[in-house]
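The structure appears below as structure tokens.
The values are calculated or read from the model by the stated rules, or taken from the named source; none is laboratory data. Since the model is a prediction, treat every value here as computed from it, not as a measurement. Cβ sites come from the backbone with ideal geometry, for glycine too, and all protein chains shown count toward neighbours. For accessibility, only protein heavy atoms count, side chains too; no ligands or nucleic acids. Shrake-Rupley method; radii C 1.70, N 1.55, O 1.52, S 1.80 Å.
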Amino acid sequence: MIAQIAFVLLLATASFFIFKRFQFVKRNILLGRDVQLAGEPSQRWSTMIRVALGQGKMFTRPFAAVMHLILYAGFIIINIEVLEILIDGLFGTHRVFAGIGGLYTFLIATFEVLALLVLVACVVFLVRRNAGSIKRFTMPELKGWPQNDANLILITEILLMTAFLTMNACDYQLNQIIIKDASHTYVSDAAFPISSIWSGVLEGSSQNALHLIERFCWWFHIIGILAFIVYLSYSKHLHIILAFPNTYYSKLQAPGTLNNLQSVTNEVKLMLDPSAQVPPPPDGPQRFGAKDVNDLSWVNLMNAYSCTECGRCTSECPANQTGKLLSPRKIMMDTRDRLEEVGRSMDASGGEWKEDGKSLLRDYITEEELWACTSCNACTEACPININPLDIIIDLRRYLIMEESKSPESITVMFNNIENNGAPWAMSAMDRDQWRNN
Amino acid sequence: MSTELKVKTMAECVAAGEVPEVLFWVGCAGSFDDRAKKITKAIARILQHCNVSFAILGQEETCTGDPAKRAGNEFLFQMMAMQNIQILQGYEVKKIVTGCPHCFNTIKNEYPGLGGQFEVLHHTQLINQLMSEGKITIEGGAFKGKKITFHDPCYLGRANGEYEAPRELIRKLDAELVEMKRSKANGLCCGAGGAQMFKEAEQGLKEINVERTEDALATGSEVVAAGCPFCNTMMTDGVKHFEKEQSVQVKDIAELIAEAADL
Ligand code: SF4
Ligand code: SF4
């Protein structure tokens, strides 16, 4: 009974924190501007199924893809067991589904095999990430918290899987001792193909000790999972959830398309024809381009929360490969960090947005980074969950140009040429068709 | 280079009571850059040879606004775009072929939102169609058996998903198409896009075009084929950087076809 009360309290506390954190993240994402999204829902669903569910873009790097697939599938499937844990915890039962017999044996056996695979994949990832041989894992933007975040989650997963297998190992050993005792929920030995192998270490333990270890692992497993969900929202592991809406809302137009700013369209129309009828701006005058996170669209902000920090974008970026400061991954990480900062300060001042003298532009992302981009779309192509760092880069450039008139000198010259001669160079429009004549 | 070029402007066509089917959007590089003008002529020769009814805007053409937009100057972009759309609509243009993937991308993807709906083709797409229809034939052309590698322009490839048209053309040259280690969706940018063409590169360890030229040279090809005047400049500079201009040529696909077909 005490255990049941403790379990309910645990569940309630965890749910409270999970709810609060998800509210926080949702509120932050909705600080972004609204956007008109082109395309049909059917296209969106199929993108989501292909890219997020089917992991379609992961397979450009087959080794990592297979390992990740094991983690992904393993984790989801093993967590079916959480359902049983919840029921057992609430009603004080033990392995409540064991009654379904053969199927249960099969399921638990499958979970065990998957748990082992997940364990192996986590160890491989841990070694691979820390061995220092893969450049995208050793870049400056990963120093400190991002690196620890990645390791922490891998270690947690290893511990959770170990707890799961140990719990089963105890049940296997109990099977050997008290196979006929009515108080013991009997699960066929066949359910424990993995844990039985190493349950030898528990051999000779008393029935009590085995019960104790089994209980400990059970609690560790469920506390671990709940903590994992809370932690998720602070971590790059939010992608486990956000990858789905993120791919659903990803851009459907040809990747080369940049949006046309409606506010500019209205002004240009008036400039070309002062009598033109244009709709008034929706909610008062807005900045052109983006200086801070709330000038970006909510899709950009969701992108930032979804980023897994895998660095595939950066490793394909021509600017980054040739030693420039720009890293598209850092663009996403900066956006998220700034958004979290804004969110926290809003919470501290009762939900109000207060100027803090800082902004995404310059305090996080420098002009030098922005001007290194060739708009080549290698980053958007590489991202396994369709994140678009280029959108943010362009919006920040727009602010620099249209609000601050700040650009490298040669870019200003190019603008002037286009304006005056209709070409980016200082060439006369009269000479445009000269090529015909010689 | 036997045929004489007879290219008319839209205005000239109107005066002569003609209605061309296709507008050839030359682009700024193709109009003003000496190297790129050769590509423009090759395209025009091919169109003329295939009896495509086409014209150019001539002095009425202006920048599409692509470099302005990508540098963040949305005002300037939309000004250029709306003026161009007005002119194109004035001539009731339906179909456009561009000599540059940047113009192609902008007119195809960004003009519709501002009211300019056109059917837009990149020159490699149109030439490929013309060849498939048998309007140009190449027999034992100048590039037969030669190794040619193709550098995917970002704004044709990744930006618009066209990887095959240029490759089919290279195969039609009877040449050996050798892929670089990074190609198609994984292709590496030449370094010119996003208005980089008009500024110095930011501080770094290497120029992007040098990095890309290494890929191209590693294929051992005699010809680096391009489909964009800006890529062409960047790759040509890259080849010069490695002092390989004697043994490796950088050419637009249109030039290769025109040369092989002896136009
Ligand atoms: S679009 Fe810009 S940020 Fe993205 S890969 Fe290309 S150069 Fe890098
Ligand atoms: S933006 Fe995409 S590719 Fe880049 S680090 Fe984030 S998840 Fe990885």
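Cα centroids of segment B:16-50 and segment A:323-382: 43 Å apart. Against chain A, whose longest principal axis comes from its Cα atoms, helix A:2-29 is set at around 10 degrees. Each label was represented as a point 7 Å from its Cα along the Cα-to-Cβ direction; for A:Q286 and B:S247 these points are 5.6 nm apart.
Of the solvent-accessible surface of segment B:10-128, computed with a 1.4 Å probe over protein heavy atoms with every protein chain present, carbon and sulfur atoms account for 48 percent. Less than 5 angstrom separates the built amide H of B:V120 from those of B:I96, all sequence-distant by 5 or more or on a different chain.
Computed from backbone phi, the HN-Hα couplings of segment A:245-259 come to x, 4, 6, 4, 8, 6, 5, 9, 5, 3, x, x, 6, 9, 5 Hz, rounded to whole numbers (Karplus: 6.51 cos²θ - 1.76 cosθ + 1.60, θ = phi - 60°; Gly and Pro given as x). Taking every DSSP beta bridge with both residues inside the protein assembly as shown, roughly what % is antiparallel (nearest 5)? So the antiparallel bridges amount to about 0 percent of the total.
Label-to-label distance for B:E139 and A:D356 is 7.6 nm, based on points extended 7 Å past Cα in the beta-carbon direction.
Buried on complex formation within segment A:235-269 (loss of at least 30 square angstrom of accessible surface versus the isolated chain, 1.4 Å probe, ligands and nucleic acids ignored): A:A254, A:G256, A:T257, A:L258, A:N260, A:V264, A:T265, A:V268. Largest accessible area first, the residues A:M271, B:M79 order themselves as A:M271, B:M79 under a 1.4 Å probe with ligands, DNA and RNA left out. Pair-distance distribution of chain B: all C-alpha pairs, bin width 5 Å, starting at 0; shares per bin in whole percent are 1, 6, 13, 18, 19, 17, 12, 8, 4, 1, 0, 0.
In order along segment A:193-205, the phi-based Karplus estimate (6.51 cos²θ - 1.76 cosθ + 1.60, θ = phi - 60°) of 3J(HN,Hα) comes to x, 8, 5, 5, 4, 9, 5, x, 4, 8, 4, x, 5 Hz; Gly and Pro are listed as x. Put B:H241, B:H102, B:H151, B:H49 in order of accessible area, highest first, and with a 1.4 Å probe you get B:H241, B:H49, B:H102, B:H151.
Shown is the FRET efficiency for A:I177 and A:F63, computed with R0 = 56 Å from the Cβ-Cβ distance and rounded to the nearest 0.05: 0.80. The shape of segment B:172-250 can be summarised by an equivalent ellipsoid whose semi-axes, obtained from the alpha carbon gyration tensor, come to 21, 14, 12 Å from longest to shortest. Buried between A and B is an accessible area of approximately 5500 Å², summed over both sides with a 1.4 Å probe.
Note that segment B:138-260 presents 38 Å² accessible area per residue, ligands and nucleic acids not counted, probe 1.4 Å. Backbone amide hydrogens, once placed in the peptide plane, bring B:K8 within less than 5 Å of B:I56, excluding anything fewer than 5 places away on its chain. Compared with the dominant Cα axis of chain A, that is its longest principal axis, helix A:80-91 is turned about 60°. Taking a Cβ cut-off of under 14 Å around A:V51, the surrounding Lys, Arg, Asp and Glu residues balance to a net charge of +4, with basic ones at +1 and acidic ones at -1. Averaged over its residues, chain A has an accessible area of 45 Å² per residue, based on protein heavy atoms and a 1.4 Å probe. Here is the link list: B:K181/B:K240; A:K324/B:K184; B:K95/B:K184; A:K143/B:K69. Which ones come out longer than 32 Å on Cα distance? Over 32 Å apart, Cα to Cα: A:K143/B:K69. Taking all protein chains together and rolling a 1.4 Å probe, B:E207 ends up with roughly 100 Å² accessible.
With respect to chain A, whose longest principal axis is taken over its alpha-carbon atoms, helix A:409-421 is tilted by about 50°. For B:E110, the shell of other residues with beta-carbons less than 10 Å away shows a net charge of +1, using +1 for Lys and Arg and -1 for Asp and Glu.
Rolling a 1.4 Å probe over the heavy atoms of the protein chains gives segment B:10-128 an accessible area of 31 Å² per residue.
Within segment B:80-227, the ratio Rg/Rh, alpha carbon atoms throughout and Rh by Kirkwood, equals 1.02.
Rounded to 0.05, the FRET efficiency of the B:R182 and A:Q253 pair, given R0 = 35 Å and the Cβ-Cβ distance, is 0.90. From its DSSP helices (H runs of at least four residues, each -39,500 (n - 2.57)), chain A gives a residue-normalised ellipticity at 222 nm of -19000 deg cm²/dmol. If you take every residue apart from B:F24 with its C-beta less than 14 Å away from the C-beta of B:F24, what net charge results, scoring Lys and Arg +1 and Asp and Glu -1? Net charge around B:F24: +3. Length gained on full extension, A:S42 to A:F106: 19.4 nm, using 0.36 nm per residue less the C-alpha separation. Between the amide H of B:D252 and those of B:A226, distances stay under 5 Å, these residues lying 5 or more places away or on another chain, with hydrogens modeled in the peptide plane.
Just the protein heavy atoms count here, and of the accessible area of segment A:1-113 at 1.4 Å, carbon and sulfur take up 75 percent. Backbone phi angles across segment B:188-197, fed through the Karplus curve with coefficients 6.51, -1.76 and 1.60 (θ = phi - 60°), yield HN-Hα couplings of 9, 4, 7, x, 8, x, x, 6, 4, 3 Hz in residue order; Gly and Pro are listed as x. How many angstrom lie between the Cα centre of segment A:393-438 and the Cα centre of segment A:1-34? Cα centroid of segment A:393-438 versus Cα centroid of segment A:1-34: 52 Å apart. Restriction of the GluC sites (Glu not before Pro) in segment B:50-159 to DSSP coil positions whose beta-carbon has at most 11 other beta-carbons within 10 angstrom yields B:E92, B:E133, B:E139. Just the protein heavy atoms count here, and of the accessible area of segment A:159-295 at 1.4 Å, carbon and sulfur take up 63 percent.
Modelled this way, with points 7 Å down the Cα-to-C-beta line, the labels at A:I2 and A:A429 are 8.9 nm from one another. Using a Förster distance of 56 Å, how high is the FRET efficiency between A:R27 and A:N420, based on the Cβ-Cβ distance and rounded to 0.05? After rounding to 0.05, the efficiency reads 0.75.
Grouping the Cα pair distances of the protein assembly as shown into 10 Å bins from zero gives a pair-distance distribution of 3, 13, 21, 21, 16, 11, 8, 5, 2, 0, 0 percent in increasing distance order. Legend: residues A:R128, B:R158, sorted from most to least accessible area (1.4 Å probe; ligands, DNA and RNA excluded), read A:R128, B:R158.
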